[in-house]
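The values are calculated or read from the model by the stated rules, or taken from the named source; none is laboratory data. Note that the coordinates shown come from a computational prediction; the quantities given were computed from them, not determined experimentally. For the accessible areas, the whole protein counts, side chains as well, though only heavy atoms, and no ligand, DNA or RNA atoms are used. Shrake-Rupley method; radii C 1.70, N 1.55, O 1.52, S 1.80 Å.
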Amino acid sequence: MNKKFIDYIRNGLLILLPVVLFFSYHPVITIGESETMNLELSLPEIWLVLFSLASLPKIRSLIKFYHWKKIALAAIVPLYFTISLIWSGNKLRTLLTAGMVWLVAFSILNIIYSIKLSKSEKKSPFGGLLNIILTTLLVSAVVMSIYCLVQCILDVAGVSRDTTLLCQGCVTTAFGFPHPNGFAIEPQFMGNLLIAPVLLCYYLICTFDKQKLFKHESSLIAVTIFLSATLFFTFSRGAIYAMILGFALEMILLKKSKKIKVASTSIVSSLGMVLLAFAISLCAQGIFAEVGPTNDTFYSGIAKSIHQLSLGKIDLREVQDNSEQISTKTEQTEQSSPQPDQENNNESDFSGYVEESTNRRLDLNHYAFDTWKSNPQYIFVGAGLGSAGVAMKEKFPNDINAKEIVQNEYYSILLETGLIGCGLILVVAFLVIRNIRKASPLFISLVFSYLLTLMFFSGLPNALQIYLLPALLFFV
């Protein structure tokens, strides 16, 4: 096959990557299931396979570009993950997950190489490849954010979840207002997908005179506020906290940068846009609560949102003589089914901060850690990649399902790969950081945000953006 044609395919797939990532769960091809895992295939996973196949003819050029030492460095962790198949308690999941890790590592190397190559070939039709990718990322983020808004409007109007694709806990009856998940499996993944375009927007705000994606600064400001407000509206604490801290780091790095001159007014303006976006999100939640089918009001919707996002620390909910309703709500939560005379009321499921959601995550962390330290094999080499659920099930048979995931990537990696696996990851991370310590503020802040989000979930298939988008934005 002609090399030029293969280059067109590979670069075309790169341009499509930002779009494909937003379809991380819908549509999904269900293949089957076992006692320990669901077998499903998503668009990002299909993209991963296609891009890897299209990149195979470039292996020699790839080795020449990186040299053997860097290639070997990139292969250490995937190789150890694959070897863990020997002692894994969930061999099928280990095999499939290790295969994905290999594809991700190979794709990261090829993404960086392809964009670098396009920048050096001035006569190439893909000489503006990076700008095309950035434009695709922002346009797709805006389109998906509009879809999220439509998703919520349809839910409030009574359209079924089969049509809106909202997750079960995302509907209006949960808090009195909906929170969108887009085409992702949960709002936290939709919010996670928006972190990169949001941080990119603030980077462009601070360096507007140096970029060419927007002809008018006002359009960039509008897009920035809209995407930020949508991220807040997903109601994902993990994504929101990570974005805010990543934004803070980005502003600090931009201000201290010697290569990029950023005015203090740009940083102050960016901070103002974050606050405005949060206010818009709160107002939207209040409006949806007011017009929705529950008995919530504009004020109660905002108060619930702040109570949930602050982990119950900030309580602005109105103090009413609702002691009977509150006690009834508590009893209803503890029982397996609601009382017959309460089935048709208009109360939302939650009156504020849902402590159980936080406690469950913390419990899973404890289960994972206790399982890890209970077995010398787990301590040193781990239970095997993807075997956390099986290992925890053996240790806590009455509390854990074999399909359970830890909901914290760091505890999951500790249990599945042991001290040796964690040590290898840290060594590779240190060597990579040493080589890219002068990377752009956008890249550093994005990686930092993604590292924070890994404390709120674990797994690979639904979060490929964490590994692929930083490589895509490496040269910004």
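Taking only C-alpha pairs under 8 Å that are 6+ residues apart, what is the relative contact order of the chain in percent?
So the answer I get is 20 percent.
Grab the eigenvalues of the alpha-carbon gyration tensor for the stretch 364-476, scale each by 5, take roots, and send me the semi-axes largest first in whole angstrom.
30, 16, 10
For the stretch 371-476, what does the accessible surface come to per residue with a 1.4 Å probe? Please give it in Å².
Ligands and nucleic acids excluded, the result is 42 Å² per residue.
Working only with C-alpha atoms, what are the Rg and Dmax values of the stretch 1-155, expressed in angstrom?
18.3, 54
In terms of modelled amide H atoms, which long-range or inter-chain residues lie less than 5 Å from the amide H of Leu39?
Ile31, Gly32, Glu33, Ser34
Helix check for the chain. Which DSSP H runs span at least 30 Å along their own axis by Cα, with a mean Kyte-Doolittle hydropathy no less than 0.5?
Span-like helices here: 91-120, 129-156, 264-291.
Per DSSP H run of at least 4 residues, take -39500 (n - 2.57); add these up for the chain, divide by its residues and hand me the 222 nm value, nearest 500 deg cm²/dmol.
It lands at -22000 deg cm²/dmol.
Along each of its three principal axes, how wide is the spread of alpha-carbon positions in the stretch 238-278, in whole angstrom units, largest first?
In descending order, the Cα extents are 31, 19, 8 Å.
Where the accessible area of the stretch 413-467 is counted over protein heavy atoms with a 1.4 Å probe, how much of it, in %, is carbon and sulfur?
78
For the stretch 16-159, give the percent of accessible area contributed by carbon and sulfur heavy atoms, probe 1.4 Å, rounded to a whole number.
On the stretch 16-159, the fraction of accessible area on carbon and sulfur atoms equals 72 percent.
Quick one: compute a quarter of the convex hull surface over the Cα atoms of the chain and quote it in nm².
The Cα convex hull of the chain, projected and averaged over all directions, gives 24.6 nm².
Suppose we keep just the alpha-carbon trace of the stretch 166-241; what are its Rg and Dmax in angstrom?
Cα only, the stretch 166-241: 14.4, 46 Å (Rg, Dmax).
With 23 Å as the limit, write out which pairs from Lys313/Lys373; Lys58/Lys119; Lys4/Lys116; Lys4/Lys64 have Cα-Cα distances beyond it, or answer none.
Lys313/Lys373
If you average the alpha carbon positions of the stretch 400-448 and of the stretch 1-36, how far apart do those two centres end up, in angstrom?
About 24 Å separates the Cα centre of the stretch 400-448 from the one of the stretch 1-36.
Per residue, how large is the accessible surface of the stretch 85-171? Use a 1.4 angstrom probe and give square angstrom.
47
Output the relative contact order of the stretch 1-79, whole-number percent, from Cα pairs under 8 angstrom with separation of 6+ residues.
It comes to 25 percent, rounded to a whole number.
Return one quarter of the surface area of the convex hull spanned by the alpha-carbon atoms of the stretch 427-472, equal to its mean projected area, in nm².
With every direction weighted equally, the projected area is 3.6 nm².
Heavy-atom accessible area of Arg360 with all protein chains present, probe 1.4 Å, nearest 10 Å²?
90
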